[in-house]
Each structure stands twice: as structure tokens, then as C-alpha cells.
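Here's the structure, in C-alpha cells; my notes come after.
We did not get these values from a lab; they are worked out from the coordinates using the rules stated. The model shown is predicted, which means the values in this text are computed figures rather than measured ones. A quick note on method: Cβ atoms are made from the backbone with ideal geometry, for glycine too, and the neighbour counts reach across all protein chains shown.
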Amino acid sequence: MPIEPAPSQWEFPPVGVAGGSDVVAGGADLAPGTVLAAYRRGLFPMPDHRSSLLWWSPVDRGVIEVAGHQPSRSMRRARAKFEIRVDTAFDRVIRACADPRRPGSWIDRDIIASYTELHRLGWVHSVEAWDGDELAGGLYGVAIGGLFAGESMFHHQTDGSKAAVAGTIELLNDEYAADRVFDIQWVTDHLATLGAVSIPRETYVRRVSAALDVPLPKAFT
């Protein structure tokens with residue numbers, strides 16, 4: 001089971017103070033207790049282009065509904081190509097996601113250090129798509145009870161990241177699926193093809209609050 005870190009010295013404001021902005025607060029730190037407190041309140045950290053640490057809670061939050069998810073034909077084909085593994089190559093996954101050559105790369109050394117420590121404590125996990133001995137793609141995210149907050153994904157082979165998303169849905173699709181929240185932050189055109197939808201921030205925060213009491217998926221325990 002995950003190890004609870006020391007509590008944060010910071011207190012986050014309610015997400016409603018942001019009004020129509022996706023940014024709720026700035027500053028604080030990336031200590032494990034701070035990051036977990038943020039996710040429990042519906043926030044996540046992401047530095048801006050000036051390397052300032054900002055705490056986000058999008059007005060329109062992207063999620064993938066696990067219960068009753070109907071994968072597209074292309075998603076089923078992608079999933080069938082690869083073997084899904086959990087936490088066998090976390091360092092490789094987060095560093096591939098942080099590759100500065102990727103457009104819009106935002107994962108810096110501080111983010112890597114923070115989430116690697118959270119992985120050591122049992123709160124952050126990688127879901128990987130393997131083609132034999134080749135790491136074809138993957139993603140990593142924060143698992144707190146019934147919340148899985150996907151942070152970033154990558155692929156080295158075509159459909160590698162798509163298979164990792166499909167594999168994550170499978171891992172979350174258990175007897176508690178209706179109460180789980182698979183957070184993907186914002187809906188992009190690509191994520192929409194994988195079943196992502198937007199829900200209001202207030203709805204997201206309410207669902208996360210309830211999901212915190214749901215047991216972790218077996219794959220993440």
C-alpha cells in the first residue's frame with residue numbers, strides 16, 4: 001500500500017476562486033505531501049513557460065469514463081498489438097514523456113524528481129505497452145483511491161500510447177468502475193478519439209472527493 005508522506009505546509013484555496021481561469025494558485029512546492037494534497041482537491045502542478053510553478057484545475061476537465069467504455073475499432077487493434085505491464089520501467093516512461101524534443105514539453109527536472117519520489121512511495125505508476133523486449137509507449141499517473149490522474153504519455157511505436165490508455169482503462173474497469181475517475185486534464189482531438197469527454201470543474205471536484213474512499217485497483221497495490 002502507498003506510504004503517506006508528511007503533510008504539506010501549504011494550504012490550497014478552493015478551486016472556485018479561479019473563476020473562469022484554469023489556474024487556481026501559484027507557488028508552494030513539489031513535496032510529496034503537497035502534490036497529494038493538490039490532487040485530493042482537484043488540482044495538479046504544471047510549470048508555465050517562465051518555470052513558475054502553477055496549480056491547475058481546468059474549468060472543463062477532461063476525463064475518460066471507465067464504466068461502460070466502448071473502445072473504438074482502432075483502439076482495440078492498438079491494444080491487441082502490445083503487452084501491458086505496470087511499473088516495470090517507470091524511469092524510462094517518465095523520461096520519455098519529458099523528452100524536450102517533444103512539442104509542448106513541460107516536464108522538468110523538478111517534476112521528474114517529485115513524481116519519482118511519489119512512485120517510490122507507491123502513489124505514482126507507469127502503464128507500459130511492450131512489443132516483446134521493446135518499450136513501445138506508455139503513460140504515468142497518480143493513483144489515490146478511485147482517482148487515476150494521467151499526467152503524460154509517449155510512444156516509440158505507432159499506437160504505443162493508445163494501447164497504454166486502453167490498458168489503463170482495463171486496469172480501472174473493475175467492480176468499482178462506476179466510482180472511479182480517470183482524469184486526463186484537458187480533452188484534445190486525439191484523446192477525444194479514445195473516449196475522453198469534458199465535465200465541469202465543480203462536477204470533477206465532487207467526483208474526486210467521493211472517489212478518494214474507493215479502493216485502489218489491484219494493479220496499483
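Summary of values
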item	result
Estimated distance in nm for a label pair at residue 179 and residue 131, the labels positioned 7 Å out from Cα along Cα-to-Cβ	4.0 nm
Nearest 10 degrees, 0 to 90: helix 109-121 Cα axis against the chain principal axis	80 degrees
Angle between the chain longest axis and helix 160-172 axis [Cα atoms, degrees, rounded to 10]	70 degrees
Of the trypsin sites (Lys or Arg not before Pro) in the range 51-159, those whose Cβ has at most 13 other Cβ within 10 Å and which sit in DSSP loop	101
Point-charge dipole on Cβ atoms (K/R +1, D/E -1) for the chain, about Cα centre, debye to 20	360 debye
Charge dipole magnitude, Cβ of K and R +1, D and E -1 - the range 80-164, Cα centre, debye nearest 20	160 debye
0 to 90° range, to nearest 10: angle between helix 201-211 axis and the chain longest Cα axis	70 degrees
Part-to-part distance (alpha-carbon centres) for the range 63-99 and the range 106-174, which is given in Å	8 Å
Contour minus Cα-Cα distance for residue 87 and residue 4 (0.36 nm per residue)	28.0 nm
Length added when fully stretched, residue 110-residue 206, from 0.36 nm per residue minus Cα-Cα	31.6 nm
Top positive-direction residue, dipole computed over the chain with Cβ charges, set 135, 199, 47	199
Over the chain, equivalent-ellipsoid semi-axes from the Cα gyration tensor in Å	25, 20, 17
